[in-house]
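The values are calculated or read from the model by the stated rules, or taken from the named source; none is laboratory data. Keep in mind the model is a prediction, meaning the values are calculated, not measured. As a convention, Cβ positions derive from the backbone with ideal geometry for all residues, glycine included, and neighbour counts pool all protein chains shown. Accessible surface is based on the protein model in full, side chains and every heavy atom, while ligands, DNA and RNA are left aside. Shrake-Rupley method; radii C 1.70, N 1.55, O 1.52, S 1.80 Å.
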2 protein chains.
Amino acid sequence: VTATRMIGVDWGTTRFRAYLIAADGTVCDRRASDRGLLGVAPGAFGCVLQEEVAPWRRAYPDAPVVAAGMVGSRQGWKEVPYVSCPAGLAEIVAGTLEIDAGEVGRVRLVPGLTVRDEAGIPDVMRGEETQIIGAASSLGGGDEVVVLPGTHSKWATVRDGRILAFSTFMTGELFAVLRSHSILGRLMNDSRADNDAFARGVRTGGLEGGAGLLRRLFSARTLGLFDEIPGPSIESYLSGLLIGTEIAEATKTVSPPSAVTLISGATLATAYTRAFELIGITVRRIDDDAAARGLWMIGREVARTARS
Amino acid sequence: VTATRMIGVDWGTTRFRAYLIAADGTVCDRRASDRGLLGVAPGAFGCVLQEEVAPWRRAYPDAPVVAAGMVGSRQGWKEVPYVSCPAGLAEIVAGTLEIDAGEVGRVRLVPGLTVRDEAGIPDVMRGEETQIIGAASSLGGGDEVVVLPGTHSKWATVRDGRILAFSTFMTGELFAVLRSHSILGRLMNDSRADNDAFARGVRTGGLEGGAGLLRRLFSARTLGLFDEIPGPSIESYLSGLLIGTEIAEATKTVSPPSAVTLISGATLATAYTRAFELIGITVRRIDDDAAARGLWMIGREVARTARS
């Protein structure tokens, strides 16, 4: 018997998102809360999940549940070992772990991915693999560069629905700590968005192929000191500087793309799209429902594998 | 009449340091306190200086006072305009500003330096120019690279006692904010110094000529996650990663030196010397008294100029 609905959960460090998904992939209902890992007491994952999806559970008691994200990490519900790249839908499904969650029933946790770079240094993702798998169904067959901007931006190379490799950039977290805790943040008063300052930051970040961030950071101070960037625009400049550096670093390590696929919410998508356009890279944007689509694809593949 | 003593002050954002200096440059007495700019109420610079050096003032009422550092900035006692590079002792002395400080007498404030890099971005220093001038008297005649590690590390190219150009790297501040406020800091428990982890960080920071800091920062997390660096050693790794990146960035922008002169207190001197040695760059270390020597040289040149 094929269930008529499945429940997909994207459970991260700070956010809980769930989707009620029809057999054809349509998202019938959705909910989101701030009950990410940081908001869940140890041992309470099953209770929280039940509270969040109880109405769906009552209506569809047999709906399978698939959960991706940091919920499968050491700090989460249960650790699911990373799957090594290259990895596509088949490898990810083979790496899922089913747990018995009491009143909420059985839950299938999605593994994260790992890869080693050319220097032998490991990298990891948890949750983004599901978004990329969801987006990959609408990508072409050649190598595609997929970018997920954020606290820890991910850049992945995807071919034929498989994630070949990826890198993480701590852009968003660095911006946040510099804004809140550094001398640069103390220069930011009455900040307002300034596209020119952002663009100057992007260009400065890209100088020397991105090989100068420790040095260029200080320019946010000196350009303000010499009134070349007004105080309220320093935040825009710093944002551009970091995003420009990320793109310069990433397009050196991944082979330089003429176009990228961006999976992002609205605010970051606007900033990254502007930065990519300044550099001459075409952007195709995919919205946040890539997670729901990926969860649906994993759920469908789990069911198909179970039947065969 | 030549005064038999002068008082040199190195007055920074967080520290106040003063030296009683004989006519031949010998430091006869010294004091230091935490009454940097942040510890001085607006308008109270004269009072604070008088309180700090009162015994010297009573013994040598005619001793000239020379003060360098952030005390000459917009946030300090009185703003002294920056002097442009290239600049040596003559240009710095020509840029000093004498103020009447009431009971403490007249005080000569030393200007900072400014320079523009190849991209037209300004850089600045206040206080380090005095240390470099002090150290320059013991350097050879060719181009020398002088490094002053710290919250904002300075790298200067010096020839025949003149500062040709310099760059600032926000290494120390970035380390501090990442350790205290980022996810990397939360991984650091019971930190202890680990030379191997530090060395691995230096090497990783130098990969691709330093063009990868946003990406490499995440390695402090993943190497810990995979138990390739023990938790207590992550802080050493991050320190090495940032210092290695600084050296890689700086030796791309300054022409790669085979040796550098390091002006630094003991703790940072140990870390930077280890990093430079790993990379094969010879280090000559000059201790903190470079500031006293520079203040003495400036005071002597001021007196000589006044006489002629």
*Probe 1.4 Å, all protein chains in place: accessible area of residue A:261 in Å², nearest 10?*
0 Å²
_Surface per residue (accessible, 1.4 Å probe) for the protein assembly as shown, Å²_ = 40 Å²
*At what distance in angstrom do the alpha carbon centres of the stretch A:19-95 and the stretch A:233-308 lie from each other?*
22 Å
*asked:* Let me see the P(r) profile for the stretch A:42-81: every Cα-Cα distance counted, bins of 5 Å, each bin given as a percent of all pairs.
replied: 6, 21, 27, 22, 16, 8, 1
*Write out the chymotrypsin sites (Phe, Trp or Tyr not before Pro) in the stretch B:156-249 meeting two conditions: DSSP loop, and at most 15 other Cβ atoms within 10 Å of their Cβ.*
B:226
*Between beta-carbons, use under 9 Å as the cut-off and find the net charge around residue B:240, counting Lys and Arg +1, Asp and Glu -1.*
+3
_residue A:159-residue A:23 pseudo-label distance in nm [points 7 Å out on the Cα-to-Cβ vector]_ = 3.6 nm
*For the protein assembly as shown, what is the per residue volume of the convex hull drawn over the alpha-carbon atoms, in cubic angstrom?*
158 Å³
*Kindly work out what percent of the DSSP beta bridges joining two residues of chain B are antiparallel, to the nearest 5.*
70 percent
*If the cut-off is 27 Å between C-alpha atoms, which lysines fall inside it for residue B:252, apart from same-chain ones fewer than 8 positions away?*
A:252, B:154
*asked:* Suppose every Lys and Arg Cβ carries +1 and every Asp and Glu Cβ carries -1, with no other charges. What dipole size does the stretch A:115-194 come out with about its Cα centre, to the nearest 20 debye?
replied: 240 debye
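What is the calculated FRET efficiency for residue B:4 to residue B:195, with r their C-beta to C-beta distance and R₀ = 41 Å, to the nearest 0.05?
Using R0 = 41 Å, I get an efficiency of 0.30.
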*Go through the stretch A:22-39 residue by residue and turn each phi into a ³J(HN,Hα) via Karplus (6.51, -1.76, 1.60, θ = phi - 60°); whole Hz please, and just put x for glycine and proline.*
6, 4, 8, x, 5, 7, 7, 7, 8, 8, 8, 8, 8, 8, x, 3, 5, x
*Taking a 1.4 Å probe, which of A:85, A:47 shows the most accessible area, and what order do the others take after it?*
A:47, A:85
_With Kirkwood's inverse mean 1/r over C-alpha pairs for Rh, give me the Rg to Rh ratio of the stretch A:142-233, two decimals please._
1.07
*Chains B and A together, accessible area buried on both sides, 1.4 angstrom probe, square angstrom*: 4500 Å²
*asked:* If you consider only alpha-carbon coordinates, what radius of gyration and Dmax does chain A have, in Å?
replied: 20.8, 71
*Report, for residue A:259, each distance to the same residue's label point in the other copies, shortest first and in nm; define the point 7 Å along Cα→Cβ.*
5.7
*Dipole magnitude of chain A about its Cα centre, charges +1 at Lys/Arg Cβ and -1 at Asp/Glu Cβ only, in debye to the nearest 20?*
280 debye
*7 Å along Cα→Cβ, label-point gaps from residue B:287 to other copies, nm, shortest first*: 6.7
*Pick from B:290, B:32, B:250: which residue has the top mean-square fluctuation in a GNM of chain B where Cα pairs under 10 Å get a spring?*
B:32
*How much net charge surrounds residue A:172 when only the other residues with a Cβ under 15 Å from the Cβ of residue A:172 are counted, with Lys and Arg +1 and Asp and Glu -1?*
0
_Rounded to the nearest 20 debye, what is the charge dipole size of the protein assembly as shown about its Cα centre when +1 sits on each Lys and Arg Cβ and -1 on each Asp and Glu Cβ?_
380 debye
*Taking a label point 7 Å out from Cα toward Cβ, give me the nm distances from residue A:100 to the same spot in the other copies, shortest first, one decimal.*
9.1
*Set the Förster distance to 41 Å, then compute FRET efficiency between residue A:118 and residue A:287 from the Cβ-Cβ distance, nearest 0.05.*
0.80
*Tally the DSSP beta bridges in the protein assembly as shown and give the antiparallel ones as a percent, rounded to 5.*
70 percent
_Filtered trypsin sites (Lys or Arg not before Pro), the stretch A:163-208: DSSP coil and at most 16 other beta carbons within 10 Å_ = A:192
_Lys/Arg +1, Asp/Glu -1 at C-beta; chain B dipole; positive extreme among B:267, B:46, B:26_ = B:46
*In terms of modelled amide H atoms, which long-range or inter-chain residues lie less than 5 Å from the amide H of residue B:29?*
B:20
*Among chain B residues, which Cβ is nearest the axis of the B-onto-A rotation, and at how many Å?*
B:211, 2
_For the stretch A:207-213, Karplus couplings with θ = phi - 60° (6.51, -1.76, 1.60), whole Hz, Gly/Pro x_ = 4, 6, x, x, 8, x, 5
_For the stretch A:227-240, 3J(HN,Hα) per residue [Karplus equation, 6.51 cos²θ - 1.76 cosθ + 1.60, θ = phi - 60°, Hz, x = Gly/Pro]_ = 6, 8, 10, x, x, x, 9, 5, 5, 4, 4, 4, 4, x
*asked:* Taking 8 Å as the Cα distance limit and 6 or more residues as the minimum spacing, I'd like the relative contact order of chain B as a percentage.
replied: 17 percent
*For the pair residue A:267 and residue B:50, how long in nm is the line joining their label points, each one 7 Å along Cα→Cβ?*
5.1 nm
